[in-house]
Amino acid sequence: MKRFSILFSFLVLFLVFSSKAEENVLRDRFVITPYLGYHMFASDRVVKGKYKEFKNSFYFGIGLEKFFGKHLSIETNLGLVPTDRTIKKNKTTGTKVFVYSIQAAYHFKATKRFYPYVLVGVGGVEKLTPGLDYGFGLRTVLTKNIGLKAEFKQFWLSNGVLDNLITFGISYFWGKPVVYKKERPKFIDNDNDGVLDDFDECPNTPVGIAVDEKGCPLDSDGDGIPDYQDKCPFTPEGIAVDNEGCPLDSDKDGVPDYLDKCPNTPKGTPVYSDGCPLDTDEDGVPDYLDKCPDTPVGIAVNDEGCPYDADKDGVPDNIDQCPNTPEGAEVDETGCMKKITLTIQFDPNSTVVKKKYYPELKKIAEYLKANPEVKIEVQGHTDKTPRSSYTYNMKLSQKRAEAVKKVLVEKFGISPDRIIAKGYGYTRPIAPNDTPEGRAKNRRVEIVVIK
C-alpha cells in the first residue's frame, strides 16, 4: 500500500509542475479519458498470511465526462481488473473483476497550472455489487485538447467491504473551449473616455479624444483614419486615402486622384485645378512641352507647340505671305524672298543662258506660279577688266537680265509683266576682279522679290 501511495504522490507532483493550462478551459466541454491504475481490494477479503479471495492488481478503464459550467462535471466509468482469485487454500485461478461507477466532481477555482477536485457517486465492484464511491483528484491541461488526470477513490460496497483505487489518465477534450477572463471590478473606465471597459471596443484611446458609443475615436468621414489623426477630415465617402487620411495624389501635383483628370503629370509641373498641366497659349500643347509658349490663340501648331511652317523658311504659316518659298531662299519677316543669287554664269561678253541652269530657273518659276501676287527684278551683272567700258558693261548686263527674263517667260510661262530686267554692269561685284575666278563669279544674274 505504501509504494502505491508514493506512486500516486509522484503523479500528482508531475501534473502540478508540467501543466500550462488556461483557466476554465474545460468549461462546458466533453472529456474522454483512458485510465491505468491499481486496485486494492478490501482487507477483509485480502488478509496477509491467511485465506485470500482476490489479489491486488492493475486496473484498466475508460471514462466519459461532461462539464456543466466551470465547476461541476459528471463522469461515467467502466474498468477491468485482471487478477487472481483464491478458491481454496493454496489454490488460485485467474479471473476478471469489473468496476463501474457514475460520479459527480466539483472542481475548485483553477490556477494557471492545475484543477483540484472532489468526487462522489455510486458504483460497484465484482458481480455488480452496488455501493458508494468517493475521493479526490487533480487534473491539468497540456493543450486545449489534451490533459492529464490523477485520482484516488474508495468504494464502500453494500456487502460491507471497502476497496481503494488509484488511477492515472490521459484525457481528450472536444467541443469548443470556453475561456473566461477573470472578473474585473465593475464601473471601470481605464482610458477615461466615458465608456466603461466592459463595453469599450477601443480600450486604449488616448486621453481627451472624442469617442463614439463603442469607445472608439470618431471618424467623421469614415475613411478609417480617426479624426484626431486625420489631416483631411472631410474626405468624401469611398475615396482612397493615405496614412494621414488625405486622398491619394499619385503624381504629387496637389490635386487628389479622384479630382485629377491628368493623373500622370510629371513631378513639379504647374497644373490647373483639374490636375492638368498649364497651357498658357491654349494650343493643346502643355507649357512644359511647348517650345513656342506664346502662340496666338487659334493657330494650328505641331507637337512642340510651334506654328506650322510648311516651306520651312523660318516664318510660320500664320504670318507667311509667301508660304511656298523655295527651300533655302532668303526671306524677309513676311516669309517672302528677299534675294536669290542664281549660279548662272556667262561666258565673257556672252548673253546666252546655258541649259544646265534651267533647273534653277524652273524653281523660280514654280515659286512665282505659287505666289501670283509676287513680282521679281532680274538683275544682271558683269566683271571688270582694265579695258572695260562702263557703257558697254551696262548694256551687256542689261542683255543678260533680259535673256533670263526671256527664258522664264517663253520656257516656263511666267507673265512678262511680273518680271523687271535691269542691268547693273560691274558696279556691284561680289568677288575681286583681279583673278579669273573672281571675274567668273561677278558674271552673274540675281533675282530680287518685289512686293
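The values are calculated or read from the model by the stated rules, or taken from the named source; none is laboratory data. Bear in mind that the values here come from a model prediction, so they are computed numbers and not experimental data. Here Cβ is always computed from backbone atoms with ideal geometry, including for glycine, and neighbour counts include all displayed protein chains.
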Six or more apart or on different chains, Cβ under 6 Å: which pairs go from a residue in segment 270-296 that's among the polar types (S, T, N, Q) to one that's part of a loop (DSSP other than H, G, I, E, B)? Could you list them? 280/287; 280/293; 295/281; 295/283
Looking at residue 303, is it charged (D, E, K, R) and surrounded by 12 or more Cβ atoms within 10 Å (Cβ to Cβ)? no
Can you give me the number of residues within segment 396-441 that are over 30 Å from residue 370 (Cα atoms) and either under 60 Å from the mean Cα position of the chain (by Cα) or of a type in the set (S, T, N, Q) (or both)? 3
Residues of segment 410-451 being in a strand (DSSP E or B) and within 22 Å of residue 325 (Cα to Cα), in sequence order, are 419, 420, 421, 445, 446, 447, 448, 449, 450
Evaluate the following for residue 401: is it within 16 Å of residue 443 (Cβ to Cβ) and crowded, with 20+ Cβ neighbours inside 10 Å? yes
Just the residues that are among the acidic types (Asp, Glu) and surrounded by 12 or more Cβ atoms within 10 Å (Cβ to Cβ), please, taken from segment 225-257. 227, 230, 242, 249, 251, 253, 257
Can you pull out the residues in segment 127-150 that are in contact (Cβ under 8 Å) with a residue 60 or more places away in the chain and either buried (at least 22 other Cβ atoms within 10 Å of the Cβ) or assigned to a strand (DSSP E or B) (or both)? 138, 139, 140, 141, 147, 148, 149, 150
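How many of the residues in segment 159-192 are of a type outside the set (A, V, I, L, M, F, W, C) and either surrounded by 12 or more Cβ atoms within 10 Å (Cβ to Cβ) or modelled with pLDDT of 80 or more (or both)?
Filtering segment 159-192 for residues of a type outside the set (A, V, I, L, M, F, W, C) gives 159-160, 163-164, 167, 169, 171-172, 175-177, 180-186, 189-192.
Filter again for either surrounded by 12 or more Cβ atoms within 10 Å (Cβ to Cβ) or modelled with pLDDT of 80 or more (or both), leaving 159, 163-164, 167, 169, 171-172, 175, 177, 189-192.
Matching residues across segment 159-192 total 13.
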Quick one: count up the residues across segment 347-380 that are of a type in the set (Phe, Trp, Tyr) and either buried (at least 18 other Cβ atoms within 10 Å of the Cβ) or touching a residue at least 24 places away in the same chain (Cβ under 8 Å) (or both). 2
Yes or no: residue 222 surrounded by fewer than 12 Cβ atoms within 10 Å (Cβ to Cβ), under 45 Å from the mean Cα position of the chain (by Cα) and assigned to a loop (DSSP other than H, G, I, E, B)? yes
